[in-house]
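Notes for the one structure printed next.
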Amino acid sequence: MTLHADARSWYVGALGEIEVGLLLAALGPKWFVRHAVPIGAGTKDVDHLVIGPGGVFAINTKHHVGASIWVGDFVLRVNNANTRHVKQAQSDTMDVGRRLTAKVGFPVPVTSVLAILGARSINDKRAPAAGLVAVVDAKNLVSWLVARPQQLSDSELALIEFAAEEPETWHVDPRAADTLRVMPRFERLVLQVGTLRVPAQVSRAKTTPTRTTTRPATRAPNRAPARSRATPPRSPAPRKGRQRVTLGDLVKLWLACGLIITATSVLKGVANQPCPSPAGCILPSLLVAFAPLLNLGVVAALGAALVGTVLWAIRRLTQ
């Protein structure tokens, strides 16, 4: 089976998450570990959530086989190319901390971790303990976690673990964290794919010339012209003039577009907040149900505004 090029990064990333999950299984019984924790009302998730004597850790796995990793104060580079790994890890950590804090009622410090799998080298140029995100070689992740000093009491850890086990802490859909129904299908995919092979580019595909056959036009049988009353030729009906887009119409289009985008962003922001009560989960649930329509509305509004702008600019240039 050949893996499509567009699915390669997803497939490699999933393999990396599974491998790091197997490494985390070596942690002792004092540690609480969850994988692929969904957050909010969409498809965002945290690769691994680890809670233990050393604190709470939001671990983001990055699979870079044979790559050279350079870590600065604000960026992580893979083979001299900047990535968004640090910002993504910080965003995930803030979400985890905010949701656990809202659930247990006291501040929950969360450590952000980037677990790098398969890299040839990791060169961290930051000062010790200066980075907001810890960058750790995946093969050393378990020993690094065990070596963290204890930050929370046993009672606090118990409350945090209890909150982390409740599905409503993370997502409006309780079934979102059910990875057991997905893993068997992914395991079958791994057996079918085996060694990764990316299909050749479309330009290299074998092309076969297509033979086109043109049939001679068939003449209509000769018929005597039908007798009819002589009628004067009709004058062509006047065409309706195109509606011209004025500057005022253009301003209204962009204002409406901005209002739709702002309203959608506000709804998504509210939906991604922790639910204070069961009644507070009604809006996120509605957002999940109508998310495709909202996204379609945003695209339609942007398209209408852009088309109107182009028509107005063309009319101005042709005047």
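Would a scan of region 45-61 turn up a residue that is touching a residue at least 40 places away in the same chain (Cβ under 8 Å), surrounded by fewer than 16 Cβ atoms within 10 Å (Cβ to Cβ) and not aromatic (Phe, Trp, Tyr)?
No - not one qualifying residue is present in region 45-61.
For Leu141, are the conditions met, namely being modelled with pLDDT of 85 or more, open to solvent by less than 90 Å² (accessible area, probe 1.4 Å), in contact with a helix residue (DSSP H, G or I) (Cβ under 8 Å, 6 or more places away or on another chain) and in a helix (DSSP H, G or I)?
When the stated conditions are applied, Leu141 passes them.
Can you name every residue in region 18-40 that is in contact (Cβ under 8 Å) with a residue 60 or more places away in the chain, within 13 Å of Val142 (Cα to Cα) and under 22 Å from the mean Cα position of the chain (by Cα)?
Correct list: Glu19, Val20.
Given the residues Val50, Val33, Val46, which is the only one that is in contact with a Phe, Trp or Tyr (Cβ under 7 Å, 6 or more places away or on another chain) and part of a strand (DSSP E or B)?
After ruling out the rest, the residue left standing is Val50.
What pairs come out if I take residues in region 146-164 that are over 20 Å from Asp95 (Cβ atoms) and pair them with residues that are part of a loop (DSSP other than H, G, I, E, B) whose C-beta lies under 7 Å away, six or more apart or interchain?
Hits for this filter: Arg148/Gly54; Pro149/Gly54; Gln150/Pro53; Gln150/Gly54.
I'm trying to understand the selection: among the residues of region 72-92, which are touching a residue at least 40 places away in the same chain (Cβ under 8 Å) and under 15 Å from Ile39 (Cβ atoms)?
Of everything in region 72-92, those that are touching a residue at least 40 places away in the same chain (Cβ under 8 Å) and under 15 Å from Ile39 (Cβ atoms) turn out to be Ala89, Gln90, Asp92.
Looking at region 56-71, which of its residues are within 19 Å of Pro38 (Cβ to Cβ) and of a type in the set (Ser, Thr, Tyr)?
Thr61
Tally up the residues in region 1-30 that are in a loop (DSSP other than H, G, I, E, B), modelled with pLDDT under 80 and open to solvent by 60 Å² or more (accessible area, probe 1.4 Å), please. Steps first, please.
First, pick out the residues of region 1-30 that are in a loop (DSSP other than H, G, I, E, B): 1-4, 25-30.
Narrowing further to those that are modelled with pLDDT under 80: 1-4.
Checking the rest, the ones that are also open to solvent by 60 Å² or more (accessible area, probe 1.4 Å) come to 1-2, 4.
Matching residues across region 1-30 total 3.
Just need a number here: residues in region 57-113 that are in contact with a Phe, Trp or Tyr (Cβ under 8 Å, 6 or more places away or on another chain), among the basic types (Lys, Arg) and not in a strand (DSSP E or B).
Going through region 57-113 one residue at a time, the tally reaches 1.
Can you tell me which residue among Ala102, Ala134, Ala127, Ala119 is open to solvent by 50 Å² or more (accessible area, probe 1.4 Å), small (Gly, Ala, Ser) and farther than 30 Å from Ser265 by Cα?
So the residue among Ala102, Ala134, Ala127, Ala119 that is open to solvent by 50 Å² or more (accessible area, probe 1.4 Å), small (Gly, Ala, Ser) and farther than 30 Å from Ser265 by Cα is Ala127.
Take the residues of region 292-319 that are in a helix (DSSP H, G or I) and among the polar types (S, T, N, Q): which is farthest from the chain's Cα centre (by Cα)? Outline the logic, then answer.
So the first thing to find is which residues in region 292-319 are in a helix (DSSP H, G or I), and the list is 292-318.
Next, only the ones that are among the polar types (S, T, N, Q) stay: 295, 309, 318.
Working: Asn295: 14, Thr309: 30, Thr318: 43 Å.
Looking at the filtered set, the residue picked out is Thr318.
Does region 168-179 contain at least one residue that is aromatic (Phe, Trp, Tyr), modelled with pLDDT under 90 and part of a loop (DSSP other than H, G, I, E, B)?
Within region 168-179, one or more residues are aromatic (Phe, Trp, Tyr), modelled with pLDDT under 90 and part of a loop (DSSP other than H, G, I, E, B).
Working carefully through the options Ser91, Ser143, Ser68, find the one that is among the hydroxyl-bearing types (Ser, Thr, Tyr) and either within 20 Å of the chain's Cα centre (by Cα) or under 25 Å from Gly40 (Cβ atoms) (or both).
Ser91
The values are calculated or read from the model by the stated rules, or taken from the named source; none is laboratory data. Computed from a prediction, not measured in an experiment: that's the story for all the values here. We place every Cβ from the backbone using ideal geometry, glycine too, and count neighbours over all the protein chains shown. Accessible surface areas use protein heavy atoms only, side chains included; no ligands, DNA or RNA. Shrake-Rupley method; radii C 1.70, N 1.55, O 1.52, S 1.80 Å.
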